[in-house]
Structure formats: structure tokens, C-alpha cells
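Here the structure is laid out as C-alpha cells; the discussion comes afterwards.
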């Protein structure tokens with residue numbers, strides 16, 4: 001699974017946006033991509049909403065139903 005993630009990252013960021021001028025540029029692009037991937041991308045398995053939106057909706061539903069999270 002980790003190899004698949006690394007391959008996706010290399011395809012979407014390293015190979016697509018290069019050539020790179022510095023280590024700092026690669027580091028910054030990595031941070032931006034990780035933020036997008038973990039927080040903002042729309043995911044088909046969760047009805048095309050971002051992971052952040054899905055998690056917020058989940059906890060809101062839990063608090064409305066009285067279930068402790």
C-alpha cells in the first residue's frame with residue numbers, strides 16, 4: 001500500500017511538476033500535496049466529498065444522535 005502511495009506521489013508531483021531547482025521546492029510541493037491529499041481531495045468512496053468534510057459530518061451526526069465519539 002505504501003508503494004502505491006509513493007508511486008502516486010511521484011507521478012502527480014515529482015515527475016509532473018519537475019524539474020526541481022532545490023530541495024526546498026520539493027519539500028514545499030510535498031507538504032502542499034499531502035495537505036491536499038489528506039484534507040481536500042474528493043474521494044469516490046465517501047460520496048465525492050473531502051475527508052475533512054466527511055469527518056466533520058460524521059462527528060456532527062454523532063453529536064446529534066447523542067452517541068459519544
Computed helical MRE - 222 nm, the chain, DSSP H runs ≥ 4 contributing -39500 (n - 2.57), nearest 500: -16000 deg cm²/dmol
Computed over the chain, the Cα gyration tensor eigenvalues, each multiplied by 5 and square-rooted, give semi-axes in Å (largest first) of 33, 13, 10
Relative to the longest principal axis of the C-alpha atoms of the chain, give the angle of the C-alpha long axis of helix 51-65, reported between 0 and 90° and rounded to the nearest 10°. 10 degrees
Can you list the residues of the range 32-46 with backbone N under 19 Å from a point 7 Å past the Cα of residue 58, pointing along Cα to Cβ? 35-46
On full extension of the chain, what length is gained from residue 48 through residue 30, given 0.36 nm per residue of separation minus the C-alpha to C-alpha distance? 4.2 nm
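Rule-based calculations on the coordinates, nothing more; no lab input. All figures in this text were calculated on a predicted structure; none of them were measured in a lab. Every residue, glycine among them, receives a Cβ derived from its backbone with ideal geometry; neighbour counts consider all protein chains shown.
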